[in-house]
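Read the structure below first, then the notes.
The values are calculated or read from the model by the stated rules, or taken from the named source; none is laboratory data. Treat the numbers as computed from the prediction; the structure is a model and nothing was measured. When we count neighbours, we look across all protein chains shown, and the Cβ atoms used for this are built from the backbone with ideal geometry, even at glycine. Accessible surface areas use protein heavy atoms only, side chains included; no ligands, DNA or RNA. Shrake-Rupley method; radii C 1.70, N 1.55, O 1.52, S 1.80 Å.
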Amino acid sequence: MSTAGTAPRRPATPGTATPGTPGTAGTPGTGPVRIGALGTSSIAARRVLPTAVATPEVDLVAVAGRSARKTAGFAERFGCAAETDFTALLARPDIEAVYISTPTALHHVWARRALLAGKHVLVEKPIGVNAHEARELADLAEARGLVLRENFMFLHHPQHTYAADLFRQGRLGRVTTLQAAFCIPPLPADDIRYTPGMGGGALLDVGVYPLRAAQLLLGTGLRVLSAVLRVREEDGLDLSGQALLASPDGVLAEATFGFEHAYASTYTLWGDRARLTVPRAFTPPPAFQPVLVLEEQDHEERFTLPAADQLRGCLTSFAAAVRRGDAGSGAAEAAARESAVAGMELVDAVQKEAVRVPVSQDAGREERNRPAVTVPSN
């Protein structure tokens with residue numbers, strides 16, 4: 001993983017083109033997919049852009065942000081052009097695709113504008129704040145023959161394929177329960193995720209992970225049976241929560257999430273013969289070797305898997321989809337769009353079913369003013 005001060009993978013003068021022929025919607029090009037970054041977020045700086053400049057399948061052409069100074073710093077660090085604003089970046093003919101890392105409440109508006117500008121879109125999770133926004137973007141991407149992906153990195157880590165294979169091979173017996181959790185300690189007081197109007201709250205930030213894990217492992221047709229959210233009394237922002245879901249064949253899934261916990265990023269599949277735990281499910285660093293734990297009544301087995309960079313997997317998969325040129329009609333892209341919409345339908349259902357437990361204003365202030373705790377990056 002690159003860090004601040006690390007040189008980009010190719011010496012680049014801002015705005016200078018590199019070899020490759022950009023494609024148009026529905027027409028594959030050649031060479032790396034030329035991308036622009038909308039937003040100068042923490043996740044862009046820490047993870048996505050350092051990985052992008054080290055990934056041969058993509059070429060970072062330009063970045064745009066709200067602050068000219070910060071944008072210039074990004075451009076210098078990552079060897080690309082600094083655009084004056086988002087609209088100017090979307091107007092560049094040498095950009096085929098955009099990566100969007102604005103605040104969550106702005107994902108929909110800028111993804112829509114990018115699609116209308118003929119750009120493929122990789123947008124930070126979640127794709128919007130509700131299923132209506134997700135459906136509108138999915139329909140627009142399909143109609144215009146453009147790739148639309150959420151940056152759910154964990155979906156591209158091979159440890160989940162390994163876990164699913166053990167499940168389907170019957171090693172766990174008849175599976176009845178999935179328990180999944182993504183929880184982090186309280187955030188700094190000024191963190192944007194504490195701002196309701198910008199798409200803040202634990203459900204949209206970390207709750208979407210266990211919900212997507214349930215989709216990945218249990219398939220389509222999940223129903224939200226019940227939910228509870230701990231919310232700030234002063235403004236209703238959700239700080240943590242739990243949801244109970246059921247699959248069409250009766251497997252129960254328990255999703256736990258929040259900003260009020262010691263760190264946890266895990267899921268367990270539980271059957272009548274064994275249970276399988278993935279201890280670092282959502283945010284394993286690129287050099288981390290996952291260890292999956294299979295527990296039977298009188299036996300424990302550990303599967304140590306090779307390290308994998310799930311973000312690079314996400315970027316290369318996105319680039320390959322762009323180069324295939326079948327986003328409007330291809331089955332893989334249709335599945336990706338429908339998964340994104342289904343994920344937001346689960347979020348809407350949790351919001352609808354949730355019993356809200358108020359947290360007093362004083363308690364909320366105490367939590368927000370605690371010293372920040374560093375947690376693993378996603």
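In this entry, the chain is assigned a mean projected area of 18.4 nm², taken as a quarter of its C-alpha convex hull surface. Taken over the range 288-343, the percentage of Cα pairs per 10 Å bin, counting from 0 up to the bin with the maximum distance, is 19, 29, 25, 21, 7, 0. Using the 1.4 Å probe convention, the accessible area of the chain works out to 42 Å² per residue with neighbouring protein chains retained. Pairs of C-alpha atoms in the range 32-131 farther apart than 21 Å represent 24 percent of all such pairs. For the range 246-339, the equivalent ellipsoid built from the Cα gyration tensor has semi-axes of 30, 20, 15 Å, listed from largest to smallest. Note that the range 176-287 carries a Kirkwood radius of 14.7 Å, evaluated over its alpha carbons pair by pair. Here the chain has 53 percent of its accessible surface on carbon and sulfur atoms, given a 1.4 Å probe and all protein chains in place.
Taking Cβ atoms as reference points and 13 Å as the exclusive limit, the residues near Val33 contribute a net charge of +1, counting Lys and Arg as +1 and Asp and Glu as -1. With a ≥ b ≥ c the root eigenvalues of the C-alpha gyration tensor of the range 114-267, is it rounded (a/c under 1.5), prolate (a/b larger than b/c) or oblate? Because a/c hits 1.5 or more and a/b fails to exceed b/c, the range 114-267 counts as oblate. Each 5 Å bin from zero up to the one holding the largest Cα-Cα distance in the range 69-108 carries the following percent of pairs: 5, 19, 25, 30, 17, 4. Taking θ as phi - 60° and the Karplus parameters 6.51, -1.76 and 1.60, the scalar couplings of the range 347-355 work out to 4, 4, 5, 4, 4, 5, 7, 5, 7 Hz in sequence order, x denoting glycine and proline.
Database remark: amide H of Arg356 closer than 5 angstrom to the amide H of Leu229 (H placed geometrically; neighbours at sequence offset of 5 or more, or on other chains; Pro and chain starts carry no H). Once each of the trypsin sites (Lys or Arg not before Pro) sitting in a DSSP loop with at most 14 other beta-carbon atoms within 10 Å is removed, the chain keeps 67-173 as its longest stretch.
Cα-based values for the range 195-247, radius of gyration first and Dmax second, are 12.4, 37 Å.
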